[in-house]
Structure formats: C-alpha cells, structure tokens
Amino acid sequence: MSSEKTKPTVQTTGHAWDGDIQEFNNPLPTWWLWTFYATVVFAIIYWVLFPAWPVGKDYTKGVMNEITYTTSEGKTKTTHWNTRSLLLKEMQLARESQAKYLKDINASTFEQIAADEEKSAFAYSAAKVLFADNCAACHQAGGDGVIGYYPNLLDDAWLWGGSFSNIQETIVKGRMGAMPGFKSRLTEKQISDVSVYVLSLSGDVTDASAAKRGKAVFNNDGGCTACHGADAKGIITMGSANLTDKIWTIADVTGADTFDAKKAAVSDLIKNGKSREMPGWKDRLTAAEIKMLTFYVHQLAGGK
C-alpha cells in the first residue's frame with residue numbers, strides 16, 4: 001500500500017489548454033458574496049430615500065421627509081431633504097436656543113451673570129469665540145497683548161479702569177491713548193534723569209542723585225504729574241499708566257537685561273512719545289455680544 005497521502009481533488013472549470021493547463025474553479029467566500037449583495041440592496045434603498053440620480057436638468061429628490069426651516073433673515077423655506085437644508089435647520093434651532101440665553105444675558109446685571117453658573121458659562125464660551133474673531137488680532141489669542149502696541153489683558157493693570165462699566169465703555173466707544181514726545185522740551189540729561197526716576201518708582205535704583213534730579217523734572221519741568229498724577233499711579237480717565245508697579249505696556253523694560261537697557265527703553269518713550277488707538281465696537285457687535293465680551297475680558301484677569 002502506498003504511504004503517500006491522497007491529494008484533494010481541485011475543482012476545475014473543465015477547460016484545458018495544451019493538454020495540461022487547466023482553469024481552477026475557486027468560488028468567492030460566502031460571507032463576501034452576502035456582503036456584496038447587502039451593499040447592492042443598501043445602494044438601492046439609498047437611491048430611493050435620498051437625492052441621488054440626475055434626470056435631465058433635474059435629479060431625483062428621494063422620499064425622505066421635507067425640511068422646513070427659517071433663515072437668519074426670517075424667511076421660512078421648505079425643501080426636500082438634503083444636507084444643506086439639514087444644516088440650515090440645525091442653525092435655526094441653535095439660534096432659537098441661543099435667543100433664550102441672550103435674552104437672559106440682556107436682562108441680567110454683570111453681577112447676576114457672574115453669580116449664575118449657567119449664564120456665566122454661556123457668556124464665557126460665547127465671548128471666547130467673539131474675542132478670537134474680533135480682538136485676538138491685536139490682543140493675541142490668549143489676551144497677553146504685544147508690548148509697545150496692544151495692552152495685556154491678563155494682568156491687573158487697567159489703564160482705563162477694570163470694572164465692568166469701565167471695560168464695557170472701552171469696548172463700546174474705543175480709546176485713544178497718546179503720550180507726547182519731550183525731546184524738544186527736555187534736554188538729554190533731563191530725559192536721562194527722569195528715566196532713572198521713573199525706573200526707581202518701581203524699585204530699580206542705581207543712581208540716587210540722578211533719581212533725585214529726575215523727580216524734580218517729573219514734578220516740574222516735565223509736567224508728568226498732569227497725566228500720571230502726583231503719586232505717579234496714573235489717572236484712569238486719561239488712560240495714563242501707573243509707574244509705581246512693574247507692569248510696562250509700551251516701554252519694553254521687562255525684556256531688557258541690564259539697567260542701561262531699561263533706561264534706554266524708557267528714555268526712547270519719553271523722547272518720542274507714543275500713540276495707540278482702540279476702535280469702538282458698538283457698530284459691529286450687538287449689545288448682548290458686547291456685554292458677554294465685557295464679562296469675558298473682566299474674567300481674564302479677575303476684573304477689578
């Protein structure tokens with residue numbers, strides 16, 4: 001008896017070429033065939049339910065329910081089911097949902113918004129988008145500003161006041177801040193001395209005698225107290241900076257490595273001055289949007 005195992009017979013189509021070349025018959029797996037049939041059935045159902053086939057200059061609309069929605073202009077439209085009309089319907093529902101919150105925001109004081117978890121969450125999340133769309137171009141996405149150009153909204157130094165009413169007024173009306181240059185009014189030595197004095201107000205002192213002379217210039221010849229106040233803490237109604245803290249919005253003192261570099265930054269500002277303008281937003285944003293944006297900016301640094 002032969003010890004070789006009997007080889008399984010392979011099914012062929014019965015065709016043969018050159019005597020020994022045959023075509024095997026390997027049918028597709030059953031699961032694959034049923035999957036293919038299922039996709040065919042799915043396609044037919046899809047063609048019936050949804051817009052699918054072009055017919056001349058038109059197309060089949062499907063038998064899905066019609067969609068009725070209201071546009072942002074207040075017009076009501078009804079159309080066959082399609083993804084565009086579905087999106088417009090969802091946008092309508094979102095507007096209706098937001099309308100309730102906006103009504104509550106308009107009717108509430110800032111203190112009431114801050115005390116209500118749901119209102120404050122809505123105001124903060126909505127204003128975060130408003131800030132990104134309208135304010136981040138200048139104040140940066142995180143609100144940290146750019147020294148010399150746009151104020152940092154994350155610290156507690158508010159040039160025009162940090163109360164809810166102050167911030168709201170700033171957003172509504174805008175602000176124009178200007179410090180005149182003194183290069184034609186003060187000598188180089190006076191500018192140097194007053195620069196040392198200004199730095200001494202926030203703790204940087206290297207030359208006490210220069211600081212003493214600078215104080216006289218600050219209070220008399222320079223006339224700096226007219227804007228920054230006798231205590232050099234600034235005047236909110238004028239948007240003048242507090243010179244006694246270590247927060248610098250125009251002269252890049254914090255980025256300087258040495259005292260001479262700090263003095264050069266302050267001296268340059270005193271010589272040439274600086275103008276900055278923030279536009280008003282009352283014509284671009286609604287009252288509710290300004291209110292939410294006010295709340296958001298107030299919360300960035302804890303307000304005042």
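Values quoted throughout were computed directly from the atomic coordinates according to the rules given, and no laboratory measurement underlies them. The structure displayed is predicted, hence computed values, not measured ones. Cβ coordinates were reconstructed from backbone atoms using ideal geometry, including for glycine residues, and neighbour counts include every protein chain displayed.
Could you grab the relative contact order for the stretch 159-262? Cα pairs under 8 Å, six or more apart, rounded to a whole percent.
On the way: 107 pairs, mean separation 25.4, N = 104.
Relative contact order of the stretch 159-262: 24 percent.
Anything over 21 Å Cα to Cα? Flag those among Lys128/Lys233; Lys103/Lys128; Lys246/Lys291; Lys128/Lys246; Lys183/Lys215, in the order listed. Checking Cα-Cα distances, Lys128/Lys233; Lys246/Lys291; Lys128/Lys246 exceed 21 Å.
If the segment from Trp31 to Ala121 were pulled out straight at 0.36 nm per residue, it would be longer than the present Cα-Cα gap by 27.2 nm.
For a quick protection proxy, order the peptides 104-116, 87-99 by their average other-Cβ count within 10 Å, most packed first. Don't skip to the answer; put the middle values down first.
Working: 104-116: 15.1, 87-99: 12.9.
Per-residue Cβ counts within 10 Å, averaged per peptide and sorted highest first, yield 104-116, 87-99.
For Cα extents along the principal axes in Å, the value calculated from this model appears in (1) 77, 60, 26; (2) 78, 58, 35; (3) 120, 65, 41 under label (3).
Under 5 Å from the amide H of Gln22 lie the amide H atoms of Trp17, each residue being 5 or more positions distant or on a separate chain, with H modelled from the backbone and absent for Pro and chain starts. For the chain, the longest principal axis of the alpha carbon atoms and the long axis of helix 117-134 meet at an angle near 80°. Amide H contacts of Arg175 (H built 1.01 Å from N, in plane; Pro and chain starts excluded): Met278 sit under 5 Å, all sequence-distant by 5 or more or on other chains.
Between the beta carbons of Glu96 and Ser165, assuming R0 = 30 Å, the FRET efficiency works out to 0.45 to the nearest 0.05.
Give me Rg over Rh for the stretch 1-138, both radii from the alpha carbons and Rh done the Kirkwood way, two decimal places. Before the final figure, lay out each step's value.
Details: Rg = 32.1 Å, Rh = 22.7 Å.
Rg/Rh for the stretch 1-138 comes to 1.42.
Scaling against 2.2 N^0.38 Å puts the C-alpha radius of gyration of the stretch 21-64 at 1.88.
Over the residues of the chain, the helix contribution to mean residue ellipticity at 222 nm works out to -14500 deg cm²/dmol, using -39500 (n - 2.57) for each DSSP H run of at least 4.
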